[in-house]
1. Determine the alpha carbon to alpha carbon distance for each of Lys217/Lys244; Lys86/Lys145; Lys74/Lys190; Lys74/Lys244 and list only those over 20 Å.
2. Quick check: the angle from helix 23-32's long axis to the longest principal axis of the chain, C-alpha only, nearest 10 degrees?
3. Rounded, prolate or oblate: which one fits segment 149-263, using the alpha carbon gyration tensor with axes a ≥ b ≥ c (rounded when a/c is under 1.5, else prolate when a/b beats b/c, else oblate)?
4. Mind telling me which of Asp110, Asp85, Asp65 comes out most flexible in a GNM of the chain, alpha-carbon contacts under 10 Å?
5. Taking K and R as +1 and D and E as -1, what net charge do the other residues with C-beta under 14 Å from the C-beta of Arg138 add up to?
6. Could you compute the net charge surrounding Ala173? Neighbours are other residues with a C-beta less than 10 Å from the C-beta of Ala173; K and R count +1, D and E count -1.
7. When only C-alpha pairs under 8 Å and at least 6 residues apart count, what is the relative contact order of segment 92-141, in percent?
8. Suppose each label sits 7 Å from its Cα in the direction of the beta carbon; what would the Ala7-His234 distance come out to in nanometres?
Amino acid sequence: MQRAAAAGVELIALTDHDCLDGLVTAAQTAQALGMHWVSGVELSAQWQGHTIHILGYGFDPSSPDLLSAIKAVKQGRWQRAEQIDKRLEAKKMPGALAGAMAVQAAAGSDIGSPPARPHFADWMVQQGHVRDRAEAFRKWLGSGKLGDIKQHWPELSVAVAQIRAAGGMAVMAHPWHYGFTRARVRRLLKDFALAGGRGIEVVNGQQPVEQVAYLGKVCLEMGFLASCGSDFHHPDSPWMALGKMTALPPDCLPVWNDPLFSR
């Protein structure tokens, strides 16, 4: 939150993957630094056999429905971590789960939460299995690879319903990151709209302007609101620098114009 404020961010949400644990501290800090705070989360979901991510904004963090959903997905993430561990061991990389948890602990994270793929990637770098995190994802952990385990996530419509039941807005995260063709992206967004999705993350980090322009056009055609996010994970990733996102197309209607964001 301090880094965001220093970068000139005025409106902020913390959207951790399938986790609400940081919201109270982040909200208090953001507000003390003069930023407008919106509750956030990034839920994992399934669509036609693919893992996708649904952003939730402006919800009640104490919603029983959402807390129950987060608990179920957390259990699924533990199962995924255990499966990644077994698959890496079969590829002569034993000790991956314990190593990923050690990386997680060293970063100051709660080891009661399951380690995510970046933790596994960093362990693989430490052990000399790969040169860097990018190679870990390209060879082992990215979409369609050994560590891409999907079966533990709820369906798209269920994830959207959980966000809406908590009083929030559902926004499709980074549509370009799934490796879909433009036609498939449109099919995904059509199903998302039918499920009650309200917005598209038109800007994700310092995204190429041609991608942003296309998603902005889709927003207008399909009646979505437009969102932008840093996708910030680590200060050493310049792609994800806070406050440095590509600008939204001027003809898009931003999500923050919705009354939900002015509470």
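Coordinate-derived values only; no laboratory data. Everything numeric in this text was worked out from a predicted model, so none of it was measured. We place every Cβ from the backbone using ideal geometry, glycine too, and count neighbours over all the protein chains shown.
1. Listed pairs above 20 Å: Lys217/Lys244; Lys74/Lys190; Lys74/Lys244.
2. So the inclination is approximately 50 degrees.
3. rounded
4. Asp110
5. With Lys, Arg at +1 and Asp, Glu at -1, the neighbours total +2.
6. Cβ neighbours under 10 Å give a net charge of -3.
7. The value is 32 percent.
8. 1.6
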